[in-house]
Amino acid sequence: MGFKEIGRKIQAARDDKGMTQVDLARELGITQAALSNYELGKRRLYLHQIEQIARILGKKLDYFIAEEDTLLPGSRPDQQGNSHEATFSRIARLDALELRSLNEFLDYLQWRRHHVRDE
């Protein structure tokens, strides 16, 4: 797994926790610029740093270092090989505009379920 992917996961977990870069950097005892470089994959992270980030953000270490296509224990893929964990992982990597588009699409699917009869 590359540093860019780990950085995207840090950003997603930080956003999920409702923390800014400044908040997390302060907790880690580093500058906001250093954290930004971690999130962009421009700076190397060591295991002890990832462990500290995982602890602060309330995530398991595996969240940050597991390969994307690795299913978590207890994950049950459907007939096409999809799993909830894989879908959630993909969603976590969306930017704000993509997330808004996804929410609009989900609203449409929900509307369609209640308003369109089976043909």
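The peptide list 8-19, 99-110, put in order of mean Cβ contacts within 10 Å with the highest first, becomes 8-19, 99-110. A cut-off under 13 angstrom between Cβ atoms defines the neighbours of Leu47, and their net charge, with Lys, Arg +1 and Asp, Glu -1, is 0. Considering region 3-65 at the alpha-carbon level, its Rg and Dmax are found to be 10.0, 25 Å. Counting charges near Ala96 (Lys, Arg +1; Asp, Glu -1) among other residues having Cβ under 14 Å from its Cβ returns a value of -1.
Laboratory data are not the source of any read-out in this text; all were calculated from the coordinates shown. The structure displayed is predicted, hence computed values, not measured ones. When we count neighbours, we look across all protein chains shown, and the Cβ atoms used for this are built from the backbone with ideal geometry, even at glycine.
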